[in-house]
Amino acid sequence: MENRAHAIVAVSFLIVLSIGAVLVFYWLSSGPETPRVYRIVTRESVAGLGSQSRVMFKGLQVGRIDDIRFDPQDHSQVIMDFRVQRDAYITQATYAVVAAKGLIGNKVLQLKIGDGSREPLPTNAENPAHIPLRKGLIAQLEQAARENLQELHTLLASVNAILNTENRGHVSAILQQLDTLTAQLITLEEQLAPAVGQLPQLVTDMTEALEQTQALLGNVNKLAEQARVPLGKAAELEETIQHLSHSLDSQTLPDIGQLTQSLTQTSRMLQELILDLQTNPQSLIFGAPEPVPGPGEPGFGDKGR
């Protein structure tokens, strides 16, 4: 009975100890220091990285890589799971690059903050949040170098196509023409040198001529001011002449017309008088003869006699 009691106590102690260990492990695993799990799914190269490779942020280690494997659904992709400290700054805008520690050091997974929301990125071990993997500086340089080499190859091919036998003859002829043109330009420059030397004197003469022109314009302005008074008097004289012309039109010309009419009538009367005197001169002494009696007047019948 005593051994049986000892066995029960020992089993009970083991059960309590196991439960306590499980509780402690659960407490430790769910405490504030439990790492957070994130995942990267990419088609980029992850050469140099492996399990337990360091995860860096701003030069400080914040975690390690747990596992790297091919995507079972798409073998062209790589899946990378890594853990970081709970106080690591992981946001919606966080991305990762493969970087080297120094120039020839080991590769590390470098976390960076890009453009976007600064809200924390939630995650859990069962369904880790995904973080994008971008090309690092070395990868970008390699890609740029490949692109530049491709462009250089295309450029050299174009140059080779342009500089064929026929085109090389054209280029040689163009170079000869350029040499001839250069010689002509040198000769022209030598001929223009004396004229260029005279330019300062020419500028001085033009300046003096401009000053004289300005002085002449000043004198013309003065003459114009002085001419304004005679012009004013001429305007008054023109107004007087217009008034006189109006007077002639309205008064003198009608009077002259009446005088002309009177002279015409007087001239006609003188002509009649002269004609009467020529016909009957004695009328100047004896007066005008009596008119011949008409019908019914005394003496009408004696006319026939």
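Worth a mention:
- Of the listed requirements (1) farther than 10 Å from Y38 by Cβ; (2) touching a Gly at 6+ places or on another chain (Cβ under 8 Å), R83 misses just one: (1).
- Screening the candidates A5, A10 for the property of being part of a helix (DSSP H, G or I), aliphatic (A, V, I, L, M) and either modelled with pLDDT of 90 or more or loosely packed, with under 10 Cβ neighbours inside 10 Å (or both) yields one hit, A5.
- Elements of the type strands (runs of 3 or more DSSP E) sitting completely within region 53-164 and holding at least 2 residues that are acidic (D, E) and in contact with a strand residue (DSSP E or B) (Cβ under 6 Å, 6 or more places away or on another chain): these cover 60-70.
- Applying a threshold of 7 Å to beta carbon distances and a minimum spacing of six or more residues, or different chains, the list of pairs starting in region 78-92 at a residue that is in contact (Cβ under 8 Å) with a residue 40 or more places away in the chain and surrounded by 16 or more Cβ atoms within 10 Å (Cβ to Cβ) and ending at one that is in a loop (DSSP other than H, G, I, E, B) and hydrophobic (A, V, I, L, M, F, W, C) reads M80/V46; V84/I90; I90/L121.
- The residues of region 40-77 that are touching a residue at least 60 places away in the same chain (Cβ under 8 Å) and of a type in the set (S, T, Y), listed by number, are T42, S45.
The values are calculated or read from the model by the stated rules, or taken from the named source; none is laboratory data. Computed from a predicted structure; not experimentally measured. Neighbour counts run over all protein chains shown; Cβ positions are idealised from the backbone, glycine included.
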